[in-house]
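These notes are about the structure you will find just below.
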Amino acid sequence: MEITSKIFFPFDGRPWPPVFYCKIVGMKYKTLRSIVRFFMKIIADIEINGIEKLPKGNVIIAANHLGRLDTAALLCILDREDIIMPVAEKYKNHPLYGAIGRAANAIWLNRFDADYPALRQILGRMEQGGLLVIAPEGTRSKTEALQEGKMGAAFLASKSGYPVLPVAVTGTEDRRVVENLKHLRRSKIIATAADPFYIQIPKGKGRETAMRQATDEIMCRIAALLPEKYRGVYAEHPRLKELLAQRS
């Protein structure tokens, strides 16, 4: 365990004075998950809907990305240890998120470019079996609503043959979490799962168009689980309207 000093930038982005912290090196995943669950019980109340839809074998959990507590919330929900977790490269040396990533044997991913080495590494891990957790948007939403999904999740689903389990998360917005902490309130976090489904992408001409359609399918299935204000760029998507009509 290495002790050092660092300036923290918490949820609202403003720096705190330099403080000492313990940089966790080599912590086991079970231990870190227990610590995360302990603190999350203090600051959040997590409601889970549809956990019975999670397959026991290989699966991709595709979730929206609202805030920094998204990963912590999933660690509270998932009891499995065969998690494959791509994490933004910028968090590699972060005292908390870096520790979570190392404990979960994360794959560090460049979110802004086509990171083919990371994708190959993810596929290699998927060949061994497991549960891939991915946010198709690639980054936290600054609008607190869905952004356009990137095609990585659809690509990995089609290549691996894993089913996709859409999951919608609300209540993890950084702004809301900070406000609740200031008033000593627990944040209400809700995670809802839809039915898993498979993605098949044909080879050859039209592959990129099919990949975009598959990505929209994932995002619209997530949007269908969300309250209207969270649907963002997919609010008027024809496929979302179909899914909502099927539910009514």
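Please treat every number below as a calculation from the coordinates, not as lab data. Values in this document were obtained by computation on a predicted structure and should not be read as measured data. All Cβ positions, even for glycine, are placed from backbone atoms using ideal geometry, and neighbour counts span all protein chains on display.
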Sorted by average packing, counted as other Cβ atoms within 10 angstrom per residue and highest first, what order do 162-172, 187-197 take?
162-172, 187-197
Nearest-ten-degree value, helix 238-247 long axis tilted from longest Cα axis of the chain
90 degrees
Out of residues 5 or more away from Ala88 or on other chains, whose amide H comes under 5 Å of its own, with H placed 1.01 Å from N in the peptide plane?
Leu109
Once amide H atoms are placed 1.01 Å from N in the peptide plane, what residues at a sequence separation of 5 or more from Asn58, or on another chain, have their amide H within under 5 Å of its amide H?
Gly130
The set of residues whose placed amide H lies less than 5 Å from the amide H of Lys188, leaving out same-chain residues fewer than 5 positions away, is Asp45
Calculate how steeply helix 207-223 sits against the longest principal axis of the alpha-carbon atoms of the chain, using the helix alpha-carbon long axis, and give the answer as 0 to 90 degrees to the nearest 10.
60 degrees
Rounded to the nearest 10 degrees, what's the angle between the helix 29-43 long axis and the longest principal axis of the chain, both from Cα atoms, 0 to 90?
80 degrees
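Taking the range 79-129, which GluC sites (Glu not before Pro) meet the DSSP loop condition and have no more than 13 other C-beta atoms within 10 Å?
Glu81
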More than 22 Å apart - percent of Cα-Cα pairs taken over the range 2-247:
55 percent
Largest fluctuation, His65, His183, His94 only, Gaussian network model of the chain with Cα springs under 10 angstrom, belongs to His183
Expected vector for the range 188-202, Karplus 3J(HN,Hα) from phi with 6.51, -1.76, 1.60 and θ = phi - 60°, integer Hz, x for Gly and Pro, equals 8, 10, 10, 10, 10, 10, 9, 6, x, 8, 9, 10, 10, 10, x
GNM result for the chain, Cα springs below 10 Å: residue of Leu181, Leu109, Leu119 fluctuating most strongly:
Leu181
Connecting every pair of Cα atoms under 10 Å apart in the chain and solving the GNM, the largest mean-square fluctuation among Leu96, Leu184, Leu74 falls on Leu184
Sequence order, the range 143-152: Karplus ³J(HN,Hα) from phi using 6.51 cos²θ - 1.76 cosθ + 1.60, θ = phi - 60°, Hz rounded, Gly and Pro as x, gives 8, 6, 9, 4, 9, 5, x, 8, 7, x
